[in-house]
Structure formats: C-alpha cells, structure tokens
Amino acid sequence: ASTLGAAAAQSGRYFGTAIAAGKLGDSAYTTIANREFNMVTPENEMKIDATEPNRNQFNFTNGDRVYNWAVQNGKRVRGHTLAWHNQQPGWMQSLSGSDLRSAMINHINGVMAHYKGKIAYWDVVNEAYADGNSGGRRDSNLQRTGNDWIEVAFRTARAADPAAKLCYNDYNIENWTWAKTQGVYNMVKDFKSRGVPIDCVGFQSHFNSNSAYNSNFRTTLQNFAALGVDVAITELDVQGGSASTYASITNDCLAVSRCVGITVWGVRDSDSWLGANTSPLLFDSSGNKKAAYTSVLNALNAA
Ligand code: G3I
C-alpha cells in the first residue's frame, strides 16, 4: 500500500494523526492528512477548556469541526480527553472536593452525550500518574477529590456511551523499567480484576533524549495487552526524527496483536507542538515525506 492508513489497514490497524481545527483551511495540510491517515484525534478541541468553557455550558463548535472533517473523509475519531489536570477552564481549576467531583462527572456526561455512538476510542483519563520515581498518582485537584476519581470517571463514561472504547492515556509509560509504567500497569491490573470498565491504554510516545525510545517498549505493550486491554500509540513524535527509531516503534506495535494503531501528534514538522526545528514528525514543513515516513510505511507493508 502507498499510504500510512492503507498500509496499517492491511493488518487491521489504523494510522492516525492529531488534527487542529485552525488548520482545516490549509489545503496543503488537509491534502496530506486526508491522503495518509484514517484515524483523527482533535489536538485541543475536545479538551475540557474547549468543550465546557463555562460551567454546564458546553461548546462543541471546534470539536465538531474536527469530527465532521474526519467523518466526511471516511476517518474514525479518538476523543481526547475528558478528565485531565491540564487545560481545565478557570472555573474548574478553582473547584475542589465533592463540587469538583460532580463537575467532572457532569463534564463526562455532557461531552459523551453529544458524541454518543460516534467516537471509536475516548481518552477518559489523561496523565494521572506522577513523573519521577514514585510510581504513584500525580497530585492534582482531581486526585485530591479522592483516589477513586479515575474509576468513577471510567464508570461514568461506560454508562454515558457503551459503544466507545475507554482508554487511559499517559506519557513516559513506554519504558517497562520506569516506576510510572509500573504504577499505571498496577492500576489497570486492579481495574481489570475488579471489573472497572477500561478497554485500552494509550502510550503517548513523545520520545526525546530525556525520554528516549527503548526496545523494551514492545515488552510494555505485550504486558499491558496481556491484562486484557487494547493498546495504542496515541501521540507519537520523535525529536530528531530518526527513521530507524520510527521503524522500531512501528514494529513494536505490529508485534503485539492487541496494538490497534498508531497516531502521530501532527502532520508536518511545522504543525508540531514541539516546533519544526526538532524535526519530530513524518512530513517536513513543506509537506515532503521524510526518511522517517518511508521507514514507517515500509515496516507497515512488511507486516
Ligand atoms: O488557541 C489559543 C489562542 O487563542 C491563544 O491566543 C494562544 C496564546 O497562548 O494560545 C492558544 O492555545 C494554545 C493551544 O495549544 C492551541 O494552539 C495553548 O496556549 C497551548 O497551551 C496549547 O498547547 C497544547 C498542549 O497540549 C496544551 O497542554 C498543544 O497544542 C497540544 O499539542 C498539546 O497536546 C498534549 C496532549 O493533549 C496530551 N499529551 C501531551 C501533548 C503535548 O503537550
């Protein structure tokens, strides 16, 4: 196959990208995005500050823009994200305790009702584990509502849209030896043993020299999948753009039957949250295919 999406589909997987509503008027951008990818994650448009800017006043203008572009072009959508310590609107940042807990539940219900039956995967909870070596939860206003906030979010989400696959999504959980990876693994294991509804784990996969790709990523994907969840690479970028690293990551997903797909976090280097100078994506800022693109396509075609 000659595109990433079609090549991934040969093994029943998808290949996706983050899409920004503000770029849908850029035809160079949409031409590449439409041609190469068959899964779309709104980069910011379904986050809490975007969808509930004022308490209990929902706004789906930009979320719908990305959703409609995706579906009109035959793509599926990963919803991102319902419960997160970051990109909370001001009103939510100032809440705590049972009031914040109610607001979180109301937010999940409001957004999932609008998109009911339309979203393939939802990142229900994002980045709830701490950086560093504790292996424990990140301190946040949501965490301070009680340690059960994550399972409450998942139970709420399951009831709100039983058709959506419900994911936990985080970064720096790719390396099996890291404490953060073990913390999330133990949470998923506990959730599966107690029947908390979780279907998938998203490995953001923002690789750089501090958080370097390690070949034990494949072990991580295998071990999580063995708990009975799908796994996915959800926000991939590699600073420096190494073609061989991109090939290894692709092959790690292809080696795990429950690895359902790969999403890169932007189309061209100039679209990346990291800035074009780090060369993190598969297309250069002029829209040309990079060596990393070819290495990913070849790996997908060899599967
Ligand atoms: O849209 C506003 C604009 O109106 C305003 O004038 C401007 C001034 O700051 O900001 C614009 O919003 C920015 C937004 O991106 C859209 O460009 C925000 O400041 C900026 O903080 C925001 O950054 C996003 C970041 O998440 C915020 O946490 C990035 O685009 C987005 O790529 C990034 O994505 C995250 C994932 O959601 C979770 N995992 C990590 C990943 C990378 O940080």
Inset, instruction - For the chain, return all DSSP H helices satisfying: extent of Cα atoms along own axis at least 20 Å; mean Kyte-Doolittle hydropathy at least -1.0. - result: 97-114, 179-194
Inset, instruction - First compute the accessible area of the chain with a 1.4 Å probe, then give the percent of it belonging to carbon and sulfur atoms. - result: 44
Inset, instruction - Could you order Lys116, Lys23 so the one with the most accessible surface comes first? Probe is 1.4 Å. - result: Lys116, Lys23
Legend entry - Whole-number accessible area per residue in Å² for the chain, which is evaluated in the context of all protein chains at 1.4 Å: 37
Inset, instruction - Find which of Ile262, Ser272, Tyr293 sits farthest along the positive direction of the dipole of the stretch 155-303, computed with +1 on the beta-carbon of Lys and Arg, -1 on that of Asp and Glu, about the Cα centre. - result: Ile262
Legend entry - Cα-centre dipole for the chain with unit charges at Cβ (Lys and Arg positive, Asp and Glu negative), debye to 20: 620
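State, as an integer percentage, the relative contact order of the chain based on alpha-carbon contacts under 8 Å between residues 6 or more apart.
Computed over the chain, the figure is 17 percent.
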Inset, instruction - Measure out, as a whole number of angstrom, how far apart the alpha-carbon centroids of the stretch 90-128 and the stretch 175-233 sit. - result: 22
Legend entry - Karplus (6.51, -1.76, 1.60) ³J(HN,Hα), θ = phi - 60°, over the stretch 279-285, in Hz, Gly and Pro reported as x: 6, x, 10, 9, 10, 6, 5
Inset, instruction - Kindly sort Leu227, Leu166 by accessible area of their heavy atoms, largest first, with the probe set to 1.4 Å. - result: Leu227, Leu166
Legend entry - Heavy-atom accessible area order for Ser94, Ser248, Ser211, largest first, 1.4 Å probe: Ser94, Ser248, Ser211
Legend entry - Flagged links, alpha-carbon separation over 22 Å, of Lys47/Lys116; Lys116/Lys192; Lys47/Lys75: Lys116/Lys192
Inset, instruction - Note down the magnitude of the dipole of the stretch 231-297 about its Cα centre, charges +1 on Lys and Arg C-beta and -1 on Asp and Glu C-beta and zero elsewhere, to the nearest 20 debye. - result: 160
Inset, instruction - Would you check the accessible area of Thr294, probe 1.4 Å, heavy atoms only, in square angstrom rounded to 10? - result: 70
Legend entry - Solvent-accessible area of Val152 with every protein chain in place, 1.4 Å probe, in Å² to the nearest 10: 30
Legend entry - Helix-only mean residue ellipticity at 222 nm for the chain, each DSSP H run of n ≥ 4 adding -39500 (n - 2.57), per residue, nearest 500: -11500 deg cm²/dmol
Inset, instruction - Amide H neighbours of Thr41 under 5 Å, at least 5 residues apart or on other chains, H built in the peptide plane: list them. - result: Thr17, Ala18, Ile19, Arg78
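The values are calculated or read from the model by the stated rules, or taken from the named source; none is laboratory data. Treat the numbers as computed from the prediction; the structure is a model and nothing was measured. All Cβ positions, glycine included, derive from the backbone under ideal geometry; neighbour counts span all protein chains shown. The area values use the complete protein model at the heavy-atom level, side chains included, leaving out ligands, DNA and RNA. Shrake-Rupley method; radii C 1.70, N 1.55, O 1.52, S 1.80 Å.
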